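The values are calculated or read from the model by the stated rules, or taken from the named source; none is laboratory data. Keep in mind the model is a prediction, meaning the values are calculated, not measured. We place every Cβ from the backbone using ideal geometry, glycine too, and count neighbours over all the protein chains shown. When the accessible area is computed, the model is the full protein with side chains, heavy atoms only, and any ligands, DNA or RNA have been set aside. Shrake-Rupley method; radii C 1.70, N 1.55, O 1.52, S 1.80 Å.
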Amino acid sequence: MELTIDRLSRQFGSHIAVDRVSARLTPGVYGLLGANGAGKTTLMRMVCGVLRPTSGEVLFDGVDIRRLGEAYRARLGYLPQDFGYYPDFTALDFMMYMAALKGIGRRQAKAASLDLLGVVGLSDAARMKIRAFSGGMKQRLGIAQAVLNDPDVLVLDEPTAGLDPKERVRFRNLIASLAQDKIVILSTHIVSDVEYIADEILVMRAGAFIMQGAPDAVTSQVAGKVWECHVDARTADALAARFTVSNVHYAADGQAVVRVVADAQPVSGARAVEPTLEDLYLYVFRDASDRGDAGNRSGRETAAHRGLVNRIRSTGRGGEER
Amino acid sequence: MFDLIVFELKKIVCRRTTVVACGVLLALICFIMALNVLQTKTVTNSDEILSGFDAIAYNRDAANAHAGELTAERIVDDLTAYRDLTLSKMDVQELATMSDAAAYSLMTQAFAPEERAVLTDSYYSYLLAPWRAPGQESYQAAALLTDEQIANFYSEVDRWFQDSLDDNMGGSWRYSDSERAFWTDMQQRVGEPYEYGYAGGWEDILNCVAFLMFAMLGVCVALAPVFSGEYQERTDAVLLASRHGRGRLVVAKVVASFIFSTAYFALYAAVICGVALVAFGAEGASLPVQAMTAFIPYDLTMAQAVGIAVGIAYVMTLGFAGLTLAISSRTKSTLAVFAIVAALILVSGMVPSAGSGILMRILYLAPANALAPQPLLDMCMSYPLGPVVLDLQGACWVLYGVIALACVPLAVISFRRHQVA
């Protein structure tokens, strides 16, 4: 089973949301990391066939998903970002409705729906109207509907938004248990969501994959660029102003332990430490503004990031940058 | 598929706006129909004003007193007696020159109450219609009648009908030869002799059938979010990515929409017909529509006329349902969908034609105009399409049928091609 994203682009007017993205995905969990506006959602919509690409194509086992149509959608599970529900439906109604849409027989649908509602911790709320659900409950219901048809391709766009830490852990475990022999694409800008379960990380910026590879390989790209130093509070503030600081905590002696992501030693006495995926994320998106990543990239930076992709490519598990 | 249809119906029926709007509109028609019964008024021959069920009973008795076939002999007898009664106490020359108000005043002074009841009986008003000028009392017209005219009631009806065609709708529309031939042929097919009697319930339905446009409004409120609601509520992505999201779902939405439209329309029509037939009586179903007005050029019974009017209202409802779905599939704003369709239903009935025959023909296709009994049965509203002539009824069947049939595929294609952006 293989999902091929082939030079996929999507343009909205003059704005290029996704720019000639290519990848070959085989069963495994793919963590799609990127700041808001990086093009993750647009890419996922095209992968799910709900948004037509401006150019390029998505192939499932070598066949264009537009040609496959219903046959592809029957093997797809999708949790869109921030999607709506029917407030007058109960959770079970909603699951049964989605089951009917996915072509699951009524008897099997009911058993599977109740089972999945149990898995996502909504057994007691199965007959409650969605109107009364909290944001987290709705998100869990969304996850349950996405896996209702036991899909081969599971696309989850910001699935942990609105979940509390306990629910996030439960969600990660659920995805890990479901991921067997499936292609799972998990989009998020919360690094910890994918750090433990992703087999491969795809880092997206300004509509393009700028890094792609196994988490360790990707993370190793910032080896020697993550520093930790013990400084006083004033110096800690100064470091935060000058560098990308991934963590600050104050020790009992009043000294700040500052974790800095920087190309060179930020302050004398700082020692290089083992990087994490979060460090990598902060390094890559250190200049991305709050309002979105798209449009911040200069041509020079793009070229530099593409160079980084090329360096990582050989270490990637199943991905390929063309 | 069945499950999808049921769920789509549930989505339509459970939406709060649907429940509130359709409930209010249903309550409104119940109120209007109740008022219609309670507000029925009539004046007895003893000048007593009756209202509600008493008035209905009085009118029923008055009409039944003259029930039966209107043979030429009977018409001669009845009109001669009426003219004789008129002239027994009033002068023909005097009546010919005075206004209707003056004639009425003279009549009330000259005649006893039971004679006045005869002179103002609507049966005679009906018989004298071919000769009555606008603003003329029945007894004024009767006083001027010759024996020869009285003996040729049906010829006079034909003459009046031809005169009305010659009038070309007050000069606003020039009937073509094919239109004239169409209407003349229609009118000549009406069976003679007419039959007179009471058909109050059926007549009331014809008078109230235009209120079915409120049912169309309810349908539009309910169907406006069928597609646009999915876009607005951001459920479109998950629907369109599902196996049947671009196939069976769209069919289920359309089927559920038409089931709802039919059910709501049926409920609304049941209220109008039910109240009218229970309150005013169901008798007279087989009377010809000419029992209302002698000049109606349709060979129909009262029940058939009601069936046609309700049928046209139904096809209009389906047309507006299709139009609502088509617009809904193209826009994210449910309110915009409703506003467009509601304007077509309501506002088009309020636009003046300003004496333009073409504009009048367009405006009369709107439910508020087309479903009134006069244009539907009595106005000779025709639409010449080359050699083919359609009357208003035919034009409504064709127009709304085409709208329904054309809009559904549009909605289906539009939703299937929808891009979640």
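Multiplying the residue separation of A:Glu2 and A:His15 by 0.36 nm and subtracting their alpha-carbon distance yields 1.7 nm.
Leaving ligands, DNA and RNA out of it, rank B:Trp160, B:Trp173 by accessible area with a 1.4 Å probe, largest first. Before the final figure, lay out the partial values.
Details: B:Trp160 85, B:Trp173 40 Å².
Most to least solvent-accessible, the answer reads B:Trp160, B:Trp173.
Projected onto its three principal axes, the C-alpha set of chain B covers 87, 48, 34 Å, listed from the longest axis down. Helix-only arithmetic for chain B: the sum of -39500 (n - 2.57) across DSSP H runs with n ≥ 4, divided by the residue total, places the mean residue ellipticity at 222 nm at -21000 deg cm²/dmol. By the rule of a C-alpha distance below 16 Å, with chain neighbours fewer than 8 residues away ignored, the lysines paired with A:Lys129 are A:Lys138, B:Lys10, B:Lys11.
Bridging of B:Lys41 to lysines at a Cα separation below 30 Å is possible for B:Lys89, once same-chain residues fewer than 8 apart are set aside. What translational diffusion coefficient, to the nearest whole µm²/s, does chain A have by Stokes-Einstein, given a Kirkwood radius computed over alpha-carbon pairs, a temperature of 25 °C and 0.890 mPa s viscosity? This corresponds to a translational diffusion coefficient of 117 µm²/s.
Each label point was placed 7 Å from the Cα along the Cα-to-Cβ direction; for B:Ala112 and B:Lys332 their separation is 8.2 nm. For segment A:102-152, what does the relative contact order come out to in percent, with C-alpha contacts under 8 Å and a separation of six or more? Across segment A:102-152, relative contact order equals 45 percent.
Think of it as helices only: each DSSP H run of n ≥ 4 in chain A is worth -39500 (n - 2.57), and spread over all residues that comes to -9500 deg cm²/dmol at 222 nm. When all protein chains stay in place and ligands, DNA and RNA are ignored, the 1.4 Å accessible-area order of B:Thr71, A:Thr188, largest first, is B:Thr71, A:Thr188.
For chain B, what's the relative contact order in percent, using C-alpha pairs closer than 8 Å and at least 6 residues apart?
Values: 563 pairs, mean separation 89.7, N = 421.
Once normalised by length, the contact order is 21 percent.
Rolling a 1.4 Å probe over the protein chains gives B:Met292 an accessible area of about 40 Å².
Determine, for each peptide in B:197-204, A:178-185, the mean count of other beta carbons within 10 angstrom over its residues, then list the peptides with the highest first.
Numbers: B:197-204: 24.1, A:178-185: 19.2.
Highest mean packing first, the order is B:197-204, A:178-185.
When the Kirkwood radius is taken over all Cα pairs of the protein assembly as shown, what Stokes-Einstein diffusion coefficient follows at 10 °C and 1.306 mPa s, in µm²/s? After rounding, the answer is 50 µm²/s. Over 32 Å between C-alpha atoms is what I'm after, so list which of A:Lys102/A:Lys166; A:Lys110/A:Lys182; A:Lys182/A:Lys225 land there. Result: A:Lys182/A:Lys225 exceed 32 Å. Only helices reaching 30 angstrom along their own axis (Cα) with mean Kyte-Doolittle hydropathy no lower than 1.0 count here, and for the DSSP H runs of chain B these are B:16-38, B:248-280, B:302-328, B:392-416. In plain terms, if you count all Cα to Cα distances in segment A:220-294 and split them into 10 Å steps from zero, the share in each step is 21, 49, 25, 4, 0 percent.
Any idea what the relative contact order of segment B:38-126 is, in percent, if you count C-alpha pairs under 8 Å spaced at least 6 apart? So the answer I get is 31 percent. How large is log10 of I(q)/I(0) for segment B:68-196 at q = 0.21 Å⁻¹ when the intensity is taken from the Debye formula with one equal scatterer per alpha-carbon? Normalising to I(0) and taking log10 leaves -1.19.
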